[in-house]
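The values are calculated or read from the model by the stated rules, or taken from the named source; none is laboratory data. Please read all numbers here as calculations on a predicted model, not as lab measurements. All Cβ positions, glycine included, derive from the backbone under ideal geometry; neighbour counts span all protein chains shown. SASA here: full protein model, heavy atoms, side chains in, ligands and nucleic acids out. Shrake-Rupley method; radii C 1.70, N 1.55, O 1.52, S 1.80 Å.
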Amino acid sequence: MISTKKRVVFFAETVTLAHIARCMVVAKALQDSGKYIVALAADKRFDGIIDDSTIIRFQLSSISCEQFAAQLSKGNAIYNSDTLVNYVNDDLAVIDHFKPDLIIGDFRLSLSISSRLANIPYATITNAYWSPYAKVDYPIPEIPLTEFFGVSVAQKLFDLARPLVFWLHSLALNRACKKFRLPPVASDMREVYTHADYTLYADIESLFSMKPLPKNHLFIGPVLWSADVEVPAWWATLPENKPIIFVTLGSSGDTRLLPMILETLSKLAVTVICATAQKSSLKSDYPNVFVADFLPAEVAVKKADLVICNGGSPMVYQCLVENKAVIGIPSNLDQYLMTAVLIKANRGYLIRAGQASPTSIAQAVNEALSHKPLPLTVKPSLALEKIISLIDAI
């Protein structure tokens with residue numbers, strides 16, 4: 001008997017853990033509802049901490065995390081047109097095999113082409129600060145310009161050059177469109193990042209100032225995720241008589257800073273729990289610092305009084321849900337944009353990765369521990385409700 005359940009396939013660009021994690025959370029929720037047939041297409045590089053045992057899987061190639069980070073650090077476009085053309089062909093192979101009713105992607109830019117070629121509705125999960133409708137300023141990230149001119153001068157140059165930069169970052173996708181005889185998306189990186197039949201912002205709407213949105217642009221609320229790992233043996237021995245600081249720079253933060261951060265915190269009257277995401281080898285041991293490759297974010301944030309992270313949206317929203325103070329140490333533009341939202345809402349602290357020092361970290365920690373943020377109402381379950389409504393309407 002042929003199933004009448006609608007079929008949904010998720011495509012995750014696994015250049016960071018966040019993109020596949022968001023897909024996996026929503027995909028598992030849809031699968032667990034019993035109403036849909038669900039599949040996930042993604043690179044397997046994070047499979048050690050992503051539980052996908054109940055979901056149909058397709059192997060999908062992504063550029064390496066190292067290549068992604070290197071391009072961002074130079075301020076270069078992440079992809080070239082040849083890579084995106086290859087992505088489109090890979091996408092179409094999955095689509096042809098699975099025959100979905102809806103495609104959902106997270107930073108899989110090629111889907112704006114492959115979904116049109118397959119004539120299947122496509123929804124992208126993204127963040128509102130990338131929207132062309134967002135009223136945001138664009139802080140200059142850690143790129144060579146800041147090293148040569150300093151942040152103040154580099155910011156002014158970046159403001160002048162930004163329209164050109166955003167245009168340059170749109171060229172690869174539009175060249176790929178041309179190769180498939182499709183009209184271009186737009187000459188703006190923000191349009192490239194958010195172009196879809198449905199654009200889903202995984203954010204708290206009240207934190208953003210937006211121009212009037214089209215009906216196909218929806219706020220779905222944060223999509224929260226924790227690594228599927230057990231807490232380490234030292235968890236039960238953590239001292240309870242001092243503030244606990246959770247440190248994680250994730251899969252895309254500047255992990256070169258981690259040894260300095262831990263050494264600084266080792267001299268303060270705090271207990272430190274740290275997740276390295278297997279991105280840093282720590283040579284020094286401190287009696288008040290406890291380290292693991294990964295920790296379940298939900299559990300660690302609940303335990304902590306303060307979180308130090310890269311300022312990216314997954315950890316920031318986990319902290320906002322638990323009403324915990326956040327110190328963001330961003331390096332790429334995505335992290336700077338999320339941290340800027342946090343600062344504007346008076347719910348966190350910013351230290352530029354290029355200016356992080358023992359003094360700036362100690363000062364931020366002392367200030368953050370002395371000021372508890374006001375509670376913020378967050379409904380993370382909203383994402384599933386809105387996506388189910390979207391699927392059922394197709």
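Legend: Rg and Dmax of segment 244-394, from Cα coordinates, 16.0, 57 Å. Relative to one another, the C-alpha centroids of segment 288-303 and segment 31-68 are positioned 24 Å apart. For the chain, the solvent-accessible area works out to 44 Å² per residue, with a probe of 1.4 Å and every protein chain left in place. If both residues of a DSSP beta bridge must be in segment 246-394, then about 0% of such bridges are antiparallel. Result for the chain in a Gaussian network model with C-alpha springs under 10 Å: among K215, K344, K324, the largest mean-square fluctuation is at K215. For the listed residue pairs K324/K344; K28/K242; K6/K178; K35/K135; K5/K28; K44/K99, the alpha carbons are over 27 angstrom apart in K28/K242; K6/K178; K35/K135.
Each Lys and Arg contributes +1 and each Asp and Glu -1, all at the Cβ; summed about the Cα centre of the chain, the dipole is approximately 720 debye. Overall form of segment 114-208: oblate. Here a/c, set by the Cα gyration tensor axes a ≥ b ≥ c, is 1.5 or more, and a/b is not larger than b/c. Across the protein chains, with a 1.4 Å probe defining accessible surface, the residues E191, E66 rank E66, E191 from largest area downward.
Computed over the alpha-carbon pairs of the chain, the distance histogram in 10 Å steps reads 5, 23, 33, 26, 11, 2, 0 percent, short to long. For the chain, the carbon plus sulfur part of the accessible surface works out to 54%, probe radius 1.4 Å. Computing Rg and the Kirkwood Rh from the Cα coordinates of segment 1-143 gives a ratio, Rg/Rh, of 0.98. Max-minus-min Cα coordinates of segment 305-380 on each principal axis give 35, 28, 17 Å, with the largest extent listed first. Using the Cβ atoms and a cut-off under 9 Å, what net charge is assigned to the surroundings of S62, where Lys and Arg are +1 and Asp and Glu are -1? Local net charge: 0. For segment 195-243, applying the loop criterion from DSSP together with a ceiling of 14 other beta carbons within 10 Å to the GluC sites (Glu not before Pro) yields E230, E240. Our note on the geometry: Cα centres of segment 180-215 and segment 218-249, 32 Å apart. Quick check on segment 72-130: take the gyration tensor over C-alpha atoms, sort the square-rooted eigenvalues as a ≥ b ≥ c, and tell me if it's rounded (a/c under 1.5), prolate or oblate. Oblate.
Taking N as the residue count of segment 164-280, its C-alpha radius of gyration divided by 2.2 N^0.38 Å amounts to 1.61.
Mean residue ellipticity, 222 nm, helices only, the chain: the sum of -39500 (n - 2.57) across DSSP H runs of n ≥ 4, divided by residue count and rounded to 500, is -12000 deg cm²/dmol.
Cα axis of helix 65-74 to longest principal axis of the chain: angle in degrees, 0 to 90, nearest 10? Value to nearest ten degrees: 80. Compared with the dominant principal axis of the Cα atoms in the chain, helix 333-344 is inclined by about 60°.
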